[in-house]
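**Q** The structure that follows is given in the form of structure tokens.
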Amino acid sequence: MNLFIRQMQKSFSHKVGKNVYRFCFLIVPLCLILLTGCVKIKSASPVSASGFYFDTVISVTLYQGGSEELLDECMELAQHYENLLSPHVEGSDLWNLNHSFGQAVTVDEDTLRLLQIALEYARLSDGVVDPTIGGLSMLWNFGSDNQEIIPKQQMIDEALSHVDYQSVMIDGNQITLTDPDARLELGFIAKGYIGDKLKEYLISQGVTSALINLGGNVVALGHKPDGTPFRIGIRDPFEGHGSTALTLDITDKSVVSSGNYERYFEKDGKLYHHILSTDTGYPAESGLSQVTILTSDSVDGDALSTLCFILGYEKAVSFLENFPEVQAIFIAEDGNISYVNF
């Protein structure tokens, strides 16, 4: 149960303003194999696989109760969710919605649930994060060959006029965009949801120790086989890949980081990054370089890391008062590190 099912019963009056993922043999009796047919051979040693999904490299490592077959199934699940939730995959639920011209679209149960959670965060933050930001995101085009182009103000204003989470209407498993020019994009929350679904699947298959890394979104299932916690390095935003600012010990938790150092460009001495403000239409300027969130559910950590980055330290700390179970680490542009709820 994620934070919102618990939080929806609480009042939230604080307004923050509209801003914005080989084997070893298990000895079994021959008669059992003959009776059960094909058996997934679980490994006594860690097994790992990686792939490129969600525009990043992901990896899954199974420490206890895993198998090569399970790893293959995890990658198949990742492909399934990309085909379902990417606005760039023709025929996905998001692609269909963004090309629906205001007509109702029947969506998958996972799409429906994810969008409901995204809309709840949009409501709680008064639109600081908004699933209809897709048009603005496409305009900036981070990650493409043309990413170093700063959009003209008129284009930004036009895109902003269609960013409004209240234009998303849900009726059963049908979704309608009442603004035909609105565009859905769930990058601020989708990987967290997918990480939770992968963990849920592994638990159903008897895995008791695993680490899921979806590129900035790490989900730990249980602890290491020896009973010690997993050690997770948090990237130093001021250094290159492989450098860490700090390490965390986690057991059965999610760690999600958002920052201005992954998808960005510099022009005329100014840094432009992919975390956009729904207030200005430009990359958010909050005085932060990175926010890391520790939660039980990765979907919450994903949304909160983006939201808190946009808010800036003081507003984010005030916002997190409503989530006492959430831990947060803030790295400011000047390198100062602050901890909340540790």
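The values are calculated or read from the model by the stated rules, or taken from the named source; none is laboratory data. All of these numbers come straight from a predicted model, not from anything done at the bench. Here the Cβ positions follow ideal geometry from the backbone for every residue, glycine too, while neighbour counts run over all protein chains shown. Heads up: the accessible areas ignore ligands, DNA and RNA and are worked out on the full protein's heavy atoms, side chains in. Shrake-Rupley method; radii C 1.70, N 1.55, O 1.52, S 1.80 Å.
**Q** Could you list, in sequence order, the residues of segment 239-265 that are in contact with an Asp or Glu (Cβ under 8 Å, 6 or more places away or on another chain), among the small types (Gly, Ala, Ser) and within 23 Å of SER209 (Cβ to Cβ)?
**A** Answer for segment 239-265, where residues must be in contact with an Asp or Glu (Cβ under 8 Å, 6 or more places away or on another chain), among the small types (Gly, Ala, Ser) and within 23 Å of SER209 (Cβ to Cβ): just SER254.
**Q** Right, TYR339: part of a strand (DSSP E or B), within 19 Å of PHE188 (Cα to Cα) and open to solvent by 20 Å² or more (accessible area, probe 1.4 Å) or not?
**A** Values: part of a strand (DSSP E or B): yes; within 19 Å of PHE188 (Cα to Cα): no; open to solvent by 20 Å² or more (accessible area, probe 1.4 Å): yes.
Here the answer is no, as TYR339 does not meet what is asked.
**Q** Name the one entry in ASP130, ASP110, ASP93 that is more than 30 Å from LYS315 (Cα to Cα), among the acidic types (Asp, Glu) and surrounded by 22 or more Cβ atoms within 10 Å (Cβ to Cβ).
**A** Working: ASP130 fails: more than 30 Å from LYS315 (Cα to Cα); ASP110 fails: surrounded by 22 or more Cβ atoms within 10 Å (Cβ to Cβ).
So the residue among ASP130, ASP110, ASP93 that is more than 30 Å from LYS315 (Cα to Cα), among the acidic types (Asp, Glu) and surrounded by 22 or more Cβ atoms within 10 Å (Cβ to Cβ) is ASP93.
**Q** Restricting segment 216-262 to residues that are acidic (Asp, Glu) and modelled with pLDDT of 95 or more, which is least open to solvent (accessible area, probe 1.4 Å)? Give the steps one after another, and end with the answer.
**A** First, pick out the residues of segment 216-262 that are acidic (Asp, Glu): 226, 236, 239, 249, 252, 262.
Add one more test, that the residue is modelled with pLDDT of 95 or more, and what stays is 226, 249, 252.
Numbers: ASP226: 112, ASP249: 91, ASP252: 72 Å².
So, considering only residues that are acidic (Asp, Glu) and modelled with pLDDT of 95 or more, the one least open to solvent (accessible area, probe 1.4 Å) is ASP252.
**Q** Check whether at least one residue in segment 311-333 is in a strand (DSSP E or B), touching an Asp or Glu at 6+ places or on another chain (Cβ under 6 Å) and at pLDDT 95 or above, and report yes or no.
**A** Filtering segment 311-333 down to residues in a strand (DSSP E or B) leaves 327-332.
Now drop any that are not touching an Asp or Glu at 6+ places or on another chain (Cβ under 6 Å), which leaves none.
Among the residues of segment 311-333, not one is in a strand (DSSP E or B), touching an Asp or Glu at 6+ places or on another chain (Cβ under 6 Å) and at pLDDT 95 or above, which makes the answer no.
**Q** Going residue by residue through segment 135-153, is there one that turns out to be closer than 21 Å to GLN103 by Cβ, touching a strand residue (DSSP E or B) at 6+ places or on another chain (Cβ under 9 Å) and of a type in the set (Asp, Glu)?
**A** Within segment 135-153, none of the residues are closer than 21 Å to GLN103 by Cβ, touching a strand residue (DSSP E or B) at 6+ places or on another chain (Cβ under 9 Å) and of a type in the set (Asp, Glu).
**Q** Looking at segment 192-285, what strands (runs of 3 or more DSSP E) fall wholly within it and have at least 1 residues that are among the charged types (D, E, K, R)?
**A** Numbers: elements: 209-213, 217-221, 230-235, 244-250, 254-259, 264-267, 270-273.
The strands (runs of 3 or more DSSP E) meeting that bar are 230-235, 244-250, 264-267, 270-273.
**Q** Got a sec? Which of LEU62, LEU119, LEU71 is at pLDDT 95 or above, over 20 Å from GLU200 (Cβ atoms), surrounded by 15 or more Cβ atoms within 10 Å (Cβ to Cβ) and not β-branched (Val, Ile, Thr)?
**A** Just a single option satisfies the conditions, and that option is LEU119.
**Q** Just name the residue that is nearest to ALA122 (Cα to Cα) out of those in segment 181-195 that are out of contact with any His (no Cβ under 9 Å at 6 or more places or on another chain) and open to solvent by 30 Å² or more (accessible area, probe 1.4 Å).
**A** Keep residues of segment 181-195 that are out of contact with any His (no Cβ under 9 Å at 6 or more places or on another chain), which gives 184-186, 188-195.
From what is left, the residues that are open to solvent by 30 Å² or more (accessible area, probe 1.4 Å) are 185, 191.
Working: GLU185: 13, LYS191: 17 Å.
Per the criteria, the residue is GLU185.
**Q** Conditions: (1) modelled with pLDDT of 95 or more; (2) more than 23 Å from ALA303 (Cα to Cα). GLY135 meets all but one. Number of the miss?
**A** All conditions pass for GLY135, except number (2).
**Q** Follow-up question, since we're still on this one. Could you list, in sequence order, the residues of segment 270-285 that are polar (S, T, N, Q) and open to solvent by 30 Å² or more (accessible area, probe 1.4 Å)?
**A** Going through segment 270-285, the residues polar (S, T, N, Q) turn out to be 277-278, 280.
Once the filter is applied, which keeps residues that are polar (S, T, N, Q) and open to solvent by 30 Å² or more (accessible area, probe 1.4 Å), segment 270-285 yields only THR280.
**Q** When you look at SER144, is it within 23 Å of the chain's Cα centre (by Cα) and at pLDDT below 95, yes or no? Spell out how you get there, then give the answer.
**A** Details: within 23 Å of the chain's Cα centre (by Cα): yes; at pLDDT below 95: yes.
For SER144, the condition - within 23 Å of the chain's Cα centre (by Cα) and at pLDDT below 95 - is met.
**Q** Since LEU136 meets every condition but one in (1) open to solvent by 20 Å² or more (accessible area, probe 1.4 Å); (2) closer than 30 Å to ASP268 by Cα; (3) touching a Leu at 6+ places or on another chain (Cβ under 7 Å), which condition does it not meet?
**A** (1)
**Q** Can you find, within segment 286-322, the residue that is farthest from GLU200 (Cα to Cα) among those that are polar (S, T, N, Q) and open to solvent by less than 10 Å² (accessible area, probe 1.4 Å)?
**A** Taking segment 286-322 first, the residues polar (S, T, N, Q) are 286, 289-290, 292, 295-296, 298, 305-306, 318, 322.
Add one more test, that the residue is open to solvent by less than 10 Å² (accessible area, probe 1.4 Å), and what stays is 289-290, 292, 295, 298, 305.
Numbers: SER289: 32, GLN290: 28, THR292: 22, THR295: 15, SER298: 12, SER305: 22 Å.
Ranking the candidates gives SER289 first.
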